[in-house]
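Chemist: Take a look at this one; I'll ask things after.
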Amino acid sequence: MLSRELKSNKLQGVGQKRIILAAAIALFIVVAAAATFSYLTGGCLILSNGKTGEEYARFNLREGGTFSVGFIHSVNKSPVTDFYQITDGRIYVEKTIYYGFGAGVQTEIEEGQTLEYGEDGSMIVSGFHKEIPDLLYIVGTVSDHVLVINGGREISLRDLCGRSSLVRFTYERAHLF
């Protein structure tokens, strides 16, 4: 009788261990899937004060998403738009569109880059794919800087952050917990 009870207890112990192991594996799979989904889809573009760190705004932006910042160039007084993409949780500059030469605009094409001319007379330099670990803009006093996320609505940085503000752009992946 004692032998039968010991066997029964041992079998129950083995069954409980299997259940715990199966639950642990299932939990691992769920967490890994959620982390992968979050990594692939979620995150925020954060705009903050470059001097104080005060956060101005957060905008949902998925991995692979794009944004641009357009402004009037302070020297040649023509429009410039810089285009960025989120890749591996970091900000990369991809192309720039401008309409006139002047101090601070690209005058030479580097290896891997291309120059095309738009129908509107714009110069489109692309092929950068260069990480920008500390992306900063100083919001214009005479003309505005305009943020566009995924080609959507225009967001005035002057209204959001104030004239002459130093604005830092960072990207933060979504967190699971």
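Only the coordinates and a few stated rules stand behind these numbers; no lab work does. The model shown is predicted, which means the values in this text are computed figures rather than measured ones. Every residue, glycine as well, gets a Cβ built from its backbone with ideal geometry; the counts of neighbours run over all protein chains shown.
Chemist: For a bin width of 5 Å, list the pair-distance distribution of the range 44-173 built from all Cα-Cα distances, rounded to whole %.
Modeler: Computed distribution, short to long bins: 2, 10, 20, 23, 22, 14, 8, 1, 0.
Chemist: Order the peptides 130-138, 142-150 from the highest to the lowest mean number of other Cβ atoms within 10 Å of their residues. Each step should come with its number before you reach the end.
Modeler: On the way: 130-138: 13.1, 142-150: 16.6.
Descending mean neighbour count gives 142-150, 130-138.
Chemist: Follow-up question, since we're still on this one. Need one number: nm distance between label points at LEU166 and TYR117, each 7 Å from Cα along Cα→Cβ, rounded to one decimal.
Modeler: Taking the two extended label points, one gets 4.0 nm.
Chemist: Multiplying the sequence separation of SER156 and TYR56 by 0.36 nm and subtracting their Cα-Cα distance, what value in nm do you get? Walk me through the numbers on the way to the answer.
Modeler: On the way: separation 100, 0.36 × 100 = 36.00 nm, distance 1.21 nm.
The SER156-TYR56 span can extend by a further 34.8 nm.
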